[in-house]
Amino acid sequence: MRKETSRTRRIAEQLQRELAVLIPRELGDPRLSPLTLTGVDVAPDLSHAKVYFTQLSGAENAPATLRTLNGAAGFLRHALRARLDLRVIPELRFMYDESVERGAEISRLIEQARVDDSAGKKR
């Protein structure tokens, strides 16, 4: 695991903010409307960045969204070049973030265990 510096962290945050504005505004694809960027990891040499996203519509739409975003990565990188004051704009690679669904599933299981436990005490 590589060490994250304050510079790469600031650039990652800046990329996330700019992409959150650019994706709905510039791409205008209705499949991307319930999209949330959850994080960005930038390589220390700024050669590439992994952009993590999730969708409110769930994981079933993720493959199509992933193809759309990765297909538009070059366009988005070019748009970022005009908006950011960086010598090198990282190559973008989008990845689906499953942590939201996993968290919801764990919460559901905990709640189910509580219901089961309270039903067992009432007997």
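Since every read-out is calculated from the coordinates, none of them should be taken as a lab result. Values in this document were obtained by computation on a predicted structure and should not be read as measured data. So basically every Cβ, Gly included, is an ideal-geometry build from the backbone, and we count neighbours across all protein chains shown.
Sub-9 Å Cβ pairs linking a first residue in the range 6-34 that is under 17 Å from H78 (Cα atoms) and in contact (Cβ under 8 Å) with a residue 40 or more places away in the chain to a second residue that is part of a helix (DSSP H, G or I) and polar (S, T, N, Q), at least 6 apart or interchain, are L27/T68, ordered by first then second residue. The lone criterion from (1) loosely packed, with under 15 Cβ neighbours inside 10 Å; (2) among the hydroxyl-bearing types (S, T, Y); (3) more than 20 Å from T8 (Cα to Cα) left unmet by S47 is number (3). Considered as a group, the residues in the range 67-118 that are aliphatic (A, V, I, L, M), loosely packed, with under 15 Cβ neighbours inside 10 Å and farther than 16 Å from I11 by Cα include one that is nearest to the chain's Cα centre (by Cα), and that residue is A104. Selection within the range 50-66: residues that are touching a strand residue (DSSP E or B) at 6+ places or on another chain (Cβ under 9 Å) and surrounded by fewer than 12 Cβ atoms within 10 Å (Cβ to Cβ). The member of this set that is nearest to Q16 (Cα to Cα) is L56.
Counting the residues of the range 84-123 that are polar (S, T, N, Q) and closer than 30 Å to A43 by Cβ gives 1.
Going through (1) closer than 19 Å to Q14 by Cα; (2) under 12 Å from the mean Cα position of the chain (by Cα) one by one, A62 falls short only on (1).
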